[in-house]
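The values are calculated or read from the model by the stated rules, or taken from the named source; none is laboratory data. Not measured: the values here are computed from a predicted model. Because the Cβ atoms are built from the backbone with ideal geometry, glycine has one as well, and the counts that use them run over all protein chains shown. All accessible areas refer to the heavy atoms of the entire protein, side chains included, with ligands and DNA or RNA removed. Shrake-Rupley method; radii C 1.70, N 1.55, O 1.52, S 1.80 Å.
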Amino acid sequence: MDVLGVLNLGEIAQYFSKMAMFPVFDVAYYIVSILYLKYEPGSVEVSRRSPVASWLCAMLYCFGSYILADVMLGASPIDYFHNNSHVLLATAVWYLVFYCPLNLFYKCVAFMPVKLVLVALKEVVRTRKIAAGVHHAHHAYHHGWFIMVITGYVKGSGVALISNFEQLLRGVWKPDSNEILNMSFPTKASLYGAILFTLQETHWLPISKSLLICLFTLFMVTSKVFMTARHSHGSPFALVESWVCHLLFHSPLGCDDSHDHHHHPAAAAPAASPAKTKEELNEGTRKRKSKKAE
Amino acid sequence: MDVLGVLNLGEIAQYFSKMAMFPVFDVAYYIVSILYLKYEPGSVEVSRRSPVASWLCAMLYCFGSYILADVMLGASPIDYFHNNSHVLLATAVWYLVFYCPLNLFYKCVAFMPVKLVLVALKEVVRTRKIAAGVHHAHHAYHHGWFIMVITGYVKGSGVALISNFEQLLRGVWKPDSNEILNMSFPTKASLYGAILFTLQETHWLPISKSLLICLFTLFMVTSKVFMTARHSHGSPFALVESWVCHLLFHSPLGCDDSHDHHHHPAAAAPAASPAKTKEELNEGTRKRKSKKAE
Amino acid sequence: MDVLGVLNLGEIAQYFSKMAMFPVFDVAYYIVSILYLKYEPGSVEVSRRSPVASWLCAMLYCFGSYILADVMLGASPIDYFHNNSHVLLATAVWYLVFYCPLNLFYKCVAFMPVKLVLVALKEVVRTRKIAAGVHHAHHAYHHGWFIMVITGYVKGSGVALISNFEQLLRGVWKPDSNEILNMSFPTKASLYGAILFTLQETHWLPISKSLLICLFTLFMVTSKVFMTARHSHGSPFALVESWVCHLLFHSPLGCDDSHDHHHHPAAAAPAASPAKTKEELNEGTRKRKSKKAE
């Protein structure tokens, strides 16, 4: 009976890891990605003033991982755009999210239970992308471990890694921070996932790829759904990371950026200070103006 | 007689679309492009302080479209630089425009009637580039409509699309705006041209390519010469675009950026406000200083 | 006897130009490069807060020249990372420089006599890289002189050419300047070296490549060791360059940026002025604050 159970699990994993992502999962990916774009301050104004810029940003959100992976492997960055149906689908989603009458589509997909389902589906796609990226890089560079990790990483993180330039397209420039300096949970998880899949691909991890896909998907879906439901930005890695970083890299304990930076403003990097000074100045100007108005 | 007329028109179009661009038309393209570079504030100082940076900017102005198209199709970005004669010619034009004794060359080519002829020749090259870009992309991706449009677009727009980074080379950084957020007429026309040529290439537009080249060249030359002569930045598309954008993308009517932004400062995007605040501050400082001087 | 002397010199040059760079010379290159990274203000904080960003910067410092050359020739930018041993070695050096207990490793390699030896070894690698870059480009583009010069140039200059983006990774943004606008000595020497090696490769310079490598290495080692020992940023080209630039490009005499900008602050480019204004403002604010504190 036990053998049968294992066999079944293997078969389920096999089936799951071969399941087609297009169109259901991909649409969920596009919806959640463009939803996050709409959350960005100023993105709605951009969609009114310059639909082309807004469309380009939406495409970066949807296909950023393919663009980056293609760049990393020396292919054409817009290679993925020959999948007309995918691009048309993403364009339709973009149009519905930004321009649907009465904002109906946005309200539907941003409704929490719906959003949780979509987020779960998105994480399924993300895991698949990481695995595909590592596999693709392994095909091109048989012993290039670093290349495999990097390709899997950019495949999982997508637009987040080039958020500075995506913002620039919308006329926003925030050089003080970037996704690598302050990694969010999905970016970190993509890095760890890319390392795991690389270990699997080079046979250091004695586990079948389909099972690893299954397990990692399970972890990602659970974490991300839980975090979305609780509006949390904390990371399940925080405690372990904090100790490992303290031991290996002398990082101050309890100064995990994605978690605690509201509590320890004094620990902020000096790099951020000029921006703060500017903000303070503006703050001051605003206060003076409002006083005059009174 | 009518058939003969059509035959002749087709023959003329055929002849026109096969005409060699090198060297006359290309030189005109280089001259007008580098003239626009010299108009940029600070570019003359850069040419004195750092000739290498100035030369690089000039090359970006002259060959930006080739560089971008090569990047988009995954080729070497400096592939076009193996045409030594083209690069040497562009270098000679750059030298004459920036360093000619008594500024003689600049004065000649900036003289309005001469400039109008050069601008007309430049638009001939632009149209050819768009057509070549679409054709090239069609060769690489037979059904990649989006790739064709994007390649034709970057081929027509050239350095304008990377103006932020070209400015950065000269030590100037204006993140508040970019060519995609505020499209100028040539960029818009390149986009529409790329769409037309893509439709032609995929046989959705029942018209011969040579005729389309002819007609689009005629449109571009007329518009651009007219606009240059009148120092206008308005666009012949403004009215249609304004209505289409209003209907499709809920853009506020009459808020076409390239046309009316002098009249409606209140409609400016919030993204531009920090820069304005800074400018106002500087303005204030300057006023105070000039008062003291008095 | 004289013939024998020449023969011997040729043989020595031949032997020297075939000498393996890995691992001794490469390690020296990594150490000096990462040392310069540690000198950058804020880089130690980044290494504490975000080891991934710090590691990426270190890799850019060590392999920036390969990355840039691969990009220029249209290959995968991370192609060089399939050399696992090189990357692991650079990673080890990075770890030792930034996280070694008691800062022991840093103190050792920053100790002047040791540093001078390492700097000398680094310049040997640089010259080899320029020669290899030109050769590689010559292989791909037989008559592409400009491509050869550009490839050799980026191979010699490495991360310096993309320092703006390397800084951005660490949350620092200084658009007012860049390596092309204000060339440092190694960047300039790389440019001249790339031109010399291109002339040699295209048989305009009647000299064997091994001899040119020898002579250029000698020049680079001498200059760089001398400059490091004297903490000087002046360039041996300054006088000649100043006159040539004055004659060819109307540059003001004696305004060589890398040499004299401390003595002639009035000659600073207008591009730098907004930043200065901001700094002055901050300065003012700080003064007022400190007054209040008193």
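The number of residues in region C:79-102 that are in contact with an Asp or Glu (Cβ under 8 Å, 6 or more places away or on another chain) and either among the aromatic types (Phe, Trp, Tyr) or open to solvent by less than 40 Å² (accessible area, probe 1.4 Å) (or both) comes to 2. The sole residue among B:Ser223, B:Ser235 that is more than 30 Å from A:Lys174 (Cα to Cα), in contact (Cβ under 8 Å) with a residue 24 or more places away in the chain and part of a helix (DSSP H, G or I) is B:Ser223.
Residue-wise test of (1) of a type in the set (Gly, Ala, Ser); (2) within 15 Å of C:Leu169 (Cα to Cα); (3) in contact with a Cys (Cβ under 9 Å, 6 or more places away or on another chain).
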residue: A:Gly152; (1), (2), (3): yes, no, no
residue: A:Ala160; (1), (2), (3): yes, yes, no
residue: A:Phe165; (1), (2), (3): no, yes, no
residue: A:Leu169; (1), (2), (3): no, no, yes
residue: A:Trp173; (1), (2), (3): no, yes, no
residue: A:Asp176; (1), (2), (3): no, yes, no
residue: A:Leu181; (1), (2), (3): no, yes, no
residue: A:Ala189; (1), (2), (3): yes, no, no
residue: A:Tyr192; (1), (2), (3): no, no, no
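Here is a list: C:Phe216, C:Phe226, C:Phe249, C:Phe237. Which entry is hydrophobic (A, V, I, L, M, F, W, C), within 19 Å of C:Ala120 (Cβ to Cβ) and surrounded by fewer than 20 Cβ atoms within 10 Å (Cβ to Cβ)? Going through C:Phe216, C:Phe226, C:Phe249, C:Phe237 in turn, the sole match is C:Phe226. Which condition number does C:Trp94 fail, the rest of (1) outside any helix (DSSP H, G or I); (2) more than 10 Å from chain A (Cβ to nearest Cβ) being met? The failed condition is (1). The set of residues in region A:18-40 being open to solvent by 10 Å² or more (accessible area, probe 1.4 Å) and either without any contact (Cβ under 8 Å) to a residue 60 or more places away in the chain or part of a helix (DSSP H, G or I) (or both) consists of A:Lys18, A:Met19, A:Ala20, A:Val24, A:Phe25, A:Asp26, A:Val27, A:Tyr29, A:Ile31, A:Tyr36, A:Lys38, A:Tyr39. Looking at C:His259, C:His264, just one residue is within 14 Å of chain B (Cβ to nearest Cβ) and either touching a Ser or Thr at 6+ places or on another chain (Cβ under 9 Å) or at pLDDT 90 or above (or both), and that residue is C:His259. Filtering region A:41-70 to residues that are assigned to a loop (DSSP other than H, G, I, E, B), among the small types (Gly, Ala, Ser) and either in contact (Cβ under 8 Å) with a residue 60 or more places away in the chain or open to solvent by 40 Å² or more (accessible area, probe 1.4 Å) (or both) leaves only A:Gly42.
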